[in-house]
Amino acid sequence: MTRVFSGIKPTGHLTLGNYLGAMRRWAETDQHQADALFCVVDLHALTVDHDPARVRRLSRQAATLLLASGLDPERCTVFVQSHVDEHARLSYLLECVAADGEMRRMIQYKEKARREEARGGSVRLSLLTYPALMAADILAYRTDEAPVGDDQTQHVELARDLAVRFNQRYGQTFTVPRATPPKVAARVMNLHDPASKMGKSDDTGPGVVYLLDEPDAVRRKIMRAVTDDGRDVVYDRRERPGVANLLEILAACAGGEPEDLSGGYASYGALKKDVAEAVVEALGPLRRRHRELCADPGYVDGVLRAGAEKARRMARPTVDAAYRAIGLLPPA
Ligand code: AQP
């Protein structure tokens, strides 16, 4: 059976981008068709300036939202990264296989380092080495497929390269994974700045739809989305990125192809209205289930405890094998 692994970082409140680009597919498809693991990758949240209490709060919220989105612990493994030591253990070995130059080429590193420097902060070393930890997340489980949004495919490519290199140097140890981006909404863009990805930690709240936004807030944000010069509704990602983003969100929420949907609208206002209603409807069940789960924190704790135990059992043999292969003396 295909093994699938993917994760979500508790660096902010989860967004419509996280949902359409990743979570929805995990719940609707991956958990039914594969041996799937989904993880709140909390160690990754420490790569930028953070408030410890907030990371803890957001980790719990992310886990609750994963379950609210439809992940079923009977069908897949849901856990928190820091509860399974194998991720950090393997990450160090992969840092010993990775080259400094390939880490510095990562687009997310460049963008986030620039942002940290612009804020006057210092860039953490872990921001540079983060892709090695992400590779460890994936490789520890002998993952075949990593269903991620567009922005993460470069990191999965790096995980592939590291797996191949490790296997060549030290003997066959890892499965070589591949990224599987979604067909639509692989990159949901910021509603106020359609040149930038809708990210949970980019501090531009009005352009970001959060999964727990009230329906009226969702409507307001979408009605205020920037559109492009011109009045006709056409799907053109390069020339009309604002409208293209709205059409892609509509296609992802209500079905259809962005090109075909564009023909049904004579004005931007009518399009925005339909997008807003489609998003509110798509998020409705998730919001309701989230409220129920918040009333039962013991259930969420139990799922995470069992998930971590299972994940540990799955990862340990591979990580132990990697330790042996690279030349470390096993404990007596
Ligand atoms: N805007 C997006 N469109 C499509 N997919 C997206 N994903 C994130 N944003 C979009 C996908 O969601 C999954 C989890 O992402 P993550 O939490 O690991 O981190 P990220 O990709 O760095 O997402 P953010 O929200 O932008 O976080 P920050 O702002 O902290 O960097 C991934 O599969 C991702 O592709």
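The values are calculated or read from the model by the stated rules, or taken from the named source; none is laboratory data. Predicted model, so just to flag it, every value in this text is computed and none were measured. Every residue, glycine among them, receives a Cβ derived from its backbone with ideal geometry; neighbour counts consider all protein chains shown. Surface areas here come from the heavy atoms of the whole protein model, side chains and all, with no ligands, DNA or RNA. Shrake-Rupley method; radii C 1.70, N 1.55, O 1.52, S 1.80 Å.
For the reader, a short list of remarks on this structure follows.
- Hits in segment 117-128 (condition: modelled with pLDDT of 90 or more and open to solvent by 40 Å² or more (accessible area, probe 1.4 Å)): V123, R124, L125, S126
- Some residue of segment 249-262 being surrounded by 15 or more Cβ atoms within 10 Å (Cβ to Cβ) and over 26 Å from the mean Cα position of the chain (by Cα): yes
- Residue pairs whose Cβ atoms lie under 6 Å apart, separated by 6 or more positions or on different chains, with the first residue in segment 36-56 and more than 18 Å from G7 (Cα to Cα) and in contact (Cβ under 8 Å) with a residue 24 or more places away in the chain and the second open to solvent by 10 Å² or more (accessible area, probe 1.4 Å) and more than 12 Å from the ligand (Cβ to nearest atom), are D49/G121.
- Test: R160 is among the basic types (K, R), within 15 Å of the ligand (Cβ to nearest atom), without any contact (Cβ under 8 Å) to a residue 60 or more places away in the chain and assigned by TED's automatic domain parsing to the domain that holds V319: no
- Between T227, T318, the distinction of being among the polar types (S, T, N, Q) and at pLDDT below 95 belongs to T227 only.
- Here A99 fulfils each of the conditions (1) among the hydrophobic types (A, V, I, L, M, F, W, C); (2) surrounded by fewer than 23 Cβ atoms within 10 Å (Cβ to Cβ); (3) assigned by TED's automatic domain parsing to the domain that holds A311; (4) within 16 Å of the ligand (Cβ to nearest atom) apart from (4).
- Of the candidates R114, R104, the single residue that is at pLDDT 95 or above, open to solvent by 70 Å² or more (accessible area, probe 1.4 Å) and more than 12 Å from the ligand (Cβ to nearest atom) is R104.
- Test: D274 is open to solvent by 20 Å² or more (accessible area, probe 1.4 Å), out of contact with any strand residue (DSSP E or B) (no Cβ under 9 Å at 6 or more places or on another chain), modelled with pLDDT of 95 or more and acidic (D, E): yes
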